[in-house]
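The values are calculated or read from the model by the stated rules, or taken from the named source; none is laboratory data. Since the structure is predicted, the reported quantities are computational estimates derived from the model, not experimental observations. Cβ placement follows ideal geometry from the backbone for every residue including glycine, while neighbour counts extend to all protein chains displayed.
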Amino acid sequence: MDRHAFLNRDFISGLIWAVIGLVFCAGAIHYGVILNGGPGPGLVPIIAGVILTALGLVIIITPFLPGKSRVEATENFFPEEGSFKRVFYATLGLFVYILLFEFLGFFITTLVVTIFMLRLIEPMKWSIVLGSALLIAVSFHLVFRTVLKLPFPRGYFGI
Amino acid sequence: METLSHLFLSIQIAMEPMNLFACFIGVFVGTLVGVLPGLGSTAAISLLLPITFGLSVNQSIIMLAGIYYGTMYGGTTTSILLNIPGEDVAMITCLDGYPMAKQGRAGAALGISAFGSCIAGTFAVIMLMVFGPPLAAVALRFGPPENAALTILGLTLVSYLGSGSMTKALMMAAAGLLLGCIGLDLMEGTERYTLNSLRLREGIGLVPIVMGLFGVAEVLITIERVQGKIEIFKTNTKNLLPTKQDWKDSAGPIARGTVAGFFLGIIPGGGGFLASLVSYVVEKKISKHPEKFGTGAIEGVAGPETANNAGAGGAFLPLLTLGIPCNVVMAVLVGAFMIHGINPGPLLLVEHPDLFWGIVGSMYIGNVMLLILNLPLISIWVKILKIPYKILFPLIFLFCLVGSFSLNNSIWDMGVMILFGIIGYWMKKTEYPSAPLVMALVLGPMFETSIRQTLVMSSGSPLILFTRPLSCAFMVVAILTLISPLFLKWIGKQRIGMKMKYED
């Protein structure tokens, strides 16, 4: 048995989905599949959970069946040098946004995080970064706060 | 006679100034979204959904619908000029549209696409007017078994017709049903999978999930690779009016694409891409010169473009009459309806006829607006394409963040969106489709309510689904759909076995 099969994306993803299905099945049994002689709150979760688990096992087991070959991923998970960094910084930027949003307020948070993303993900000149970030933050402020009057937080600095 | 009066009513409602304005904004934004690669109609509609909160339900749905069929038009421009489809549905147009551009006939390609799309859109609207009311009347007679069987059929077809592995698609449909179970059980009031959280008691919102799966995940996939400068093919985009010969060559494909596209658009999981693919294959098969396809045949542009726009119109029929979304965009529109406290379905015509006819009327007007917008403004759309993606992607993220916050003024929704963005990214890498998950999330409550009512009616026997004629028909089609891949594989093996036997 090729041990690399275990690192195959289908194996890992199938396993994760199968476990998720099992967890929901356990919950479904707890809530009651049949209640007072009729269908209970656990009916649909157990149907869906069984389907998810069973098909997850199919995904896991299929490459090991006789006559079946493991489907190789056509490229690495991160296809280029720098891919992981770009995706990581983008995701980090999103989390930083929600962490700062209520503290710094909508305008400053938008400005700061836009600068972060423009500078770190595909670096550009500081003049372009700062100019674009300011334009974006001001435009969003005008459209969403001034025109649409959405109640975004002003934060500690009241902006 | 009644159809005519409905037509006048629909035009009257659509021509109200604010509805007209909402339609214009929708088709304009839709065309813009269609032109820009990397941002699909699903993401755009979910991003702009919060902006519609201040509008009336008519204006909201008209605007969002306009975005949807507007993207069909916009995606054509990049397909023809850049060989990059702005939308998935415009992929087929690249095959002959781009070669036409290289031959200096971009104008003809763009022109016939625009006119064909307008014809298709108008046909779809007429069909909606003709078939909508009778279908809604039939659907009013559906009971729980019919509704349960219909949702099972819908989910099965979405899994079957989607791209990639059907096994993975069915898994995602199951995952969507499970996500829909988080929160309060509608029938017993039991808290399910809430982990004692007040937030989870309300369930997980559809809009942050869609923004995450289709907005954030799409951007994360795109920024993995350094985006090069887009080279726009310099070609003649003047002379947009097709010649007599162009019309003669395109008339048949437009007619066939219109009819086929509309009916394929109704099928759950069908939609624009399937419609344009089928149209292309059919036109190539029946053409006297099939060798010309792929080298700049105008039939290869006219047919698919018409089909995908007819499909976009057809997709509204099951939504407005049965309450069944047949693709992800329609699923998001269900969310938009529910935000305004309206359940799309057979009662829509009865309780909100102005909404139904207003949407239909606005589609007439929207198609005309799109024809006017797309032809003269092509040079503007081309300039917009020059905006580098490294400037665009933070904008998309910000729209997602702002949009998700404004749903309930809550950081929670932003967090849900980011989480599903990461999950969606991982799903794309491991080739699990997102569409069945969203469809199941939307159809899940309807499915659960109807299946539980069905089992109460039948004292627990699921065979009732097969004893009533309509639900039996739906179930048979669903079962055939599920077993057809195995059946086809078995037939293939038999054929290979017989062939080897013959060769021996």
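Look at B:Tyr160 and say whether it is without any contact (Cβ under 8 Å) to a residue 24 or more places away in the chain and either under 25 Å from A:Ile51 (Cβ atoms) or more than 14 Å from every other protein chain (Cβ to nearest Cβ) (or both). For B:Tyr160, the condition - without any contact (Cβ under 8 Å) to a residue 24 or more places away in the chain and either under 25 Å from A:Ile51 (Cβ atoms) or more than 14 Å from every other protein chain (Cβ to nearest Cβ) (or both) - is not met.
Restricting attention to the stretch B:407-424 and to residues that are facing chain A (nearest Cβ under 7 Å) and not small (Gly, Ala, Ser), the residue that is surrounded by the most Cβ atoms within 10 Å (Cβ to Cβ) turns out to be B:Met414. The single condition among (1) modelled with pLDDT of 90 or more; (2) more than 12 Å from chain A (Cβ to nearest Cβ); (3) assigned to a loop (DSSP other than H, G, I, E, B) that B:Glu146 does not satisfy is (3). Restricting the stretch A:143-156 to residues that are touching a Leu at 6+ places or on another chain (Cβ under 7 Å) and farther than 20 Å from B:Leu47 by Cα, the residue that is surrounded by the most Cβ atoms within 10 Å (Cβ to Cβ) is A:Gly155.
Number of residues in the stretch A:90-111 that are more than 7 Å from chain B (Cβ to nearest Cβ) and more than 20 Å from A:Leu134 (Cα to Cα) equals 2.
Taking (1) surrounded by fewer than 21 Cβ atoms within 10 Å (Cβ to Cβ); (2) in a helix (DSSP H, G or I) in turn, B:Thr151 satisfies each apart from (1).
Could you tell me whether B:Pro208 is in contact with an Asp or Glu (Cβ under 6 Å, 6 or more places away or on another chain) and either in contact (Cβ under 8 Å) with a residue 40 or more places away in the chain or away from chain A (no Cβ under 13 Å) (or both)? Spelling it out, B:Pro208 is indeed in contact with an Asp or Glu (Cβ under 6 Å, 6 or more places away or on another chain) and either in contact (Cβ under 8 Å) with a residue 40 or more places away in the chain or away from chain A (no Cβ under 13 Å) (or both). Name every residue in the stretch B:367-390 that is within 14 Å of another protein chain (Cβ to nearest Cβ) and surrounded by fewer than 17 Cβ atoms within 10 Å (Cβ to Cβ), in order of residue number. Hits for the stretch B:367-390 are B:Ile387, B:Pro388.
Once the stretch A:112-142 is narrowed to residues that are surrounded by fewer than 20 Cβ atoms within 10 Å (Cβ to Cβ) and among the polar types (S, T, N, Q), the residue that is nearest to the other protein chains (Cβ to nearest Cβ) is A:Ser132. Within the stretch B:99-122, none of the residues are under 20 Å from the mean Cα position of the chain (by Cα) and under 24 Å from B:Leu401 (Cα atoms). Being free of Cβ contacts under 8 Å to residues at least 12 places away in the same chain and either of a type in the set (S, T, N, Q) or more than 30 Å from B:Ile80 (Cβ to Cβ) (or both) holds for only one residue in B:Trp426, B:Trp412, and it is B:Trp426.
Any chance the stretch B:281-294 includes a residue that's closer than 30 Å to B:Met172 by Cβ, touching a Ser or Thr at 6+ places or on another chain (Cβ under 7 Å) and assigned to a helix (DSSP H, G or I)? No, there is no match, as no residue in the stretch B:281-294 is closer than 30 Å to B:Met172 by Cβ, touching a Ser or Thr at 6+ places or on another chain (Cβ under 7 Å) and assigned to a helix (DSSP H, G or I). Pull up the stretch A:30-41, narrow it to residues that are within 8 Å of chain B (Cβ to nearest Cβ) and in contact with a strand residue (DSSP E or B) (Cβ under 8 Å, 6 or more places away or on another chain), then point me to the one that is farthest from B:Ser458 (Cα to Cα). The residue in question is A:Tyr31. B:Leu319 - would you say it is in contact with a Pro (Cβ under 9 Å, 6 or more places away or on another chain), more than 14 Å from chain A (Cβ to nearest Cβ), part of a helix (DSSP H, G or I) and without any contact (Cβ under 8 Å) to a residue 40 or more places away in the chain? Answer is yes for this residue. Here the stretch B:425-441 is the region considered, the condition is being within 15 Å of B:Thr156 (Cβ to Cβ) and among the hydrophobic types (A, V, I, L, M, F, W, C), and the residue that is nearest to the other protein chains (Cβ to nearest Cβ) is B:Ala440. Of all residues in the stretch B:179-193, those that are outside any loop (DSSP other than H, G, I, E, B) and under 13 Å from A:Tyr31 (Cβ atoms) total 4. Looking across B:Ala307, B:Ala297, one residue alone is touching a Lys or Arg at 6+ places or on another chain (Cβ under 9 Å) and either surrounded by fewer than 22 Cβ atoms within 10 Å (Cβ to Cβ) or assigned to a loop (DSSP other than H, G, I, E, B) (or both). It is B:Ala297. For B:Leu55, the conditions (1) of a type outside the set (Asp, Glu); (2) farther than 18 Å from B:Met211 by Cβ; (3) more than 14 Å from chain A (Cβ to nearest Cβ) are fulfilled apart from (3). Could you check, for the stretch A:63-74, whether at least one of its residues is more than 9 Å from chain B (Cβ to nearest Cβ), at pLDDT 90 or above and out of contact with any strand residue (DSSP E or B) (no Cβ under 7 Å at 6 or more places or on another chain)? No; the residues of the stretch A:63-74 include none that is more than 9 Å from chain B (Cβ to nearest Cβ), at pLDDT 90 or above and out of contact with any strand residue (DSSP E or B) (no Cβ under 7 Å at 6 or more places or on another chain). Restricting attention to the stretch A:42-53, the residues that are more than 7 Å from every other protein chain (Cβ to nearest Cβ) and either crowded, with 24+ Cβ neighbours inside 10 Å or closer than 16 Å to B:Pro462 by Cα (or both) add up to 3. Of the residues B:Ser379, B:Ser471, B:Ser434, B:Ser404, the single one that is within 30 Å of A:Glu122 (Cβ to Cβ), in contact (Cβ under 8 Å) with a residue 60 or more places away in the chain and touching a Pro at 6+ places or on another chain (Cβ under 6 Å) is B:Ser404.
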